[in-house]
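Note sheet for the following structure.
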Ligand code: Q9C
Ligand code: ZN
């Protein structure tokens, strides 16, 4: 399988995130990707490629799943942050005020002129710092996802978009959960636009893929399935319950499989079978897997108990779907093990 990697990823390197009233070091660090590259060097799965997608084509693909005002916001965010206060050049941008969208009559249809307020309009947490290189890194990552989808459209059995920042928490017009552009959604939409009539997204990250779910929630042509920590206790808390099944024409086209914190591989693997059955029943002709490795027992911010060898079996089970598949790189914060775990999953798939 070809691996489309993002040479600009390290331009996004947050210093601190807000966690329960204090600033803590960022979990989503550049070294995560370097460990995957190192694992791929000793166990190569295919050629490592940089992408060369023209700007206009990339922008069009991003605009298929994200709203134009949000993309404009991301493009100008860093300059606007520094324009507020020149000293901001030394600080990452984080929001500290929110409109509680759709509650209590707060207005979200008027974009405030104050940039600190704009951050709160477009972000849903204070754990996702934005810096000078964020837009360049995220945009190049979307390019990796698009290139991987194009490779699969060209007949490849699978392709891997190896990029950070991750994407599955980013919605039509919001960022959060370390994510800015929804790489998996961009790949899924590109597969649709390239001729696949029915595309499934099977999210195996520890955290619910709220952004992807929201993007496709009313769509009958894209099935979204997510196996994740129960939002009653786990991030992102406000979405990901089992009774969210899709809306309007997309009714029945979303499946959430929340599992309690502490869940081990046997139970997780049974949920994966349920997810794969749903993908088969849907009649998907292509698959996107937002690949989070934060289900690992050693993950510092997550609560499942998968072990490194389990990821080989996960990859094998995913291959059983028999579908052309795009993988994106999502969470996984046990930095020293994330490379082994990612390559185990992909190798299990490729065998
Ligand atoms: N300080 C992804 O895995 N909050 N995002 C964790 C720990 C945010 C995870 C709090 C978790 C976001 C792509
Ligand atoms: Zn995650």
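The values are calculated or read from the model by the stated rules, or taken from the named source; none is laboratory data. All values reported here derive from a predicted model rather than from experimental measurement. Heads up, the Cβs are rebuilt from the backbone with ideal geometry, glycines too, and the neighbour counts pull from every protein chain shown.
A few remarks follow.
- Failed criterion for residue 284 (all others in (1) under 24 Å from residue 169 (Cα atoms); (2) in a helix (DSSP H, G or I); (3) away from ligand 1 (no atom under 16 Å from the Cβ) hold): (2)
- Among the residues of segment 127-137, the one identified as out of contact with any helix residue (DSSP H, G or I) (no Cβ under 6 Å at 6 or more places or on another chain) and not in a loop (DSSP other than H, G, I, E, B) is 134.
- Restricting segment 324-338 to residues that are within 16 Å of ligand 1 (Cβ to nearest atom) and not in a loop (DSSP other than H, G, I, E, B), the residue that is surrounded by the fewest Cβ atoms within 10 Å (Cβ to Cβ): 335
- For segment 150-167, residues that are assigned to a loop (DSSP other than H, G, I, E, B) and either within 21 Å of residue 75 (Cβ to Cβ) or touching a helix residue (DSSP H, G or I) at 6+ places or on another chain (Cβ under 8 Å) (or both) total 5.
- Residue ranges of helices (runs of 4 or more DSSP H) in segment 13-126 with at least 3 members closer than 28 Å to residue 214 by Cβ and within 16 Å of ligand 1 (Cβ to nearest atom): 31-42
- Residues in segment 168-189 that are assigned to a loop (DSSP other than H, G, I, E, B) and within 8 Å of ligand 1 (Cβ to nearest atom) were compared, and the one that is surrounded by the fewest Cβ atoms within 10 Å (Cβ to Cβ) is 178.
- Which listed residue, of 77, 61, is crowded, with 18+ Cβ neighbours inside 10 Å and farther than 21 Å from residue 149 by Cα: 77
- So residue 230, is it within 16 Å of ligand 2 (Cβ to nearest atom), surrounded by 21 or more Cβ atoms within 10 Å (Cβ to Cβ) and modelled with pLDDT of 95 or more: no
- Residues of segment 228-261 satisfying the condition of being closer than 19 Å to residue 283 by Cα and in contact (Cβ under 8 Å) with a residue 40 or more places away in the chain: 254, 256
Residue by residue, here is whether (1) farther than 21 Å from residue 336 by Cβ; (2) touching a residue at least 24 places away in the same chain (Cβ under 8 Å) holds:
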{"residue": "15", "(1), (2)": "no, yes"}
{"residue": "21", "(1), (2)": "yes, no"}
{"residue": "24", "(1), (2)": "no, no"}
{"residue": "33", "(1), (2)": "no, yes"}
{"residue": "60", "(1), (2)": "yes, no"}
{"residue": "64", "(1), (2)": "yes, yes"}
{"residue": "67", "(1), (2)": "yes, yes"}
{"residue": "75", "(1), (2)": "yes, yes"}
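- Among residues of segment 34-66, those that are under 24 Å from residue 123 (Cα atoms) and within 17 Å of the chain's Cα centre (by Cα), counted: 6
- The combined condition, being out of contact with any strand residue (DSSP E or B) (no Cβ under 8 Å at 6 or more places or on another chain), closer than 17 Å to residue 180 by Cα and surrounded by 12 or more Cβ atoms within 10 Å (Cβ to Cβ), is not fulfilled by residue 117.
- Residue within segment 246-260 that is assigned to a helix (DSSP H, G or I), surrounded by fewer than 14 Cβ atoms within 10 Å (Cβ to Cβ) and at pLDDT 95 or above present: yes
- Residue pairs meeting the criteria (Cβ under 7 Å; at least 6 apart or on separate chains; first touching a residue at least 60 places away in the same chain (Cβ under 8 Å) and closer than 17 Å to residue 63 by Cβ, in segment 187-212; second assigned to a helix (DSSP H, G or I) and within 16 Å of ligand 1 (Cβ to nearest atom)): 187/145; 212/184; 212/185
- From the list 342, 321, 313, the one residue that fits, being assigned to a loop (DSSP other than H, G, I, E, B) and in contact with a helix residue (DSSP H, G or I) (Cβ under 9 Å, 6 or more places away or on another chain), is 321.
- Residue in segment 190-213 that is farthest from residue 136 (Cα to Cα), counting only those that are within 16 Å of ligand 2 (Cβ to nearest atom) and part of a helix (DSSP H, G or I): 213
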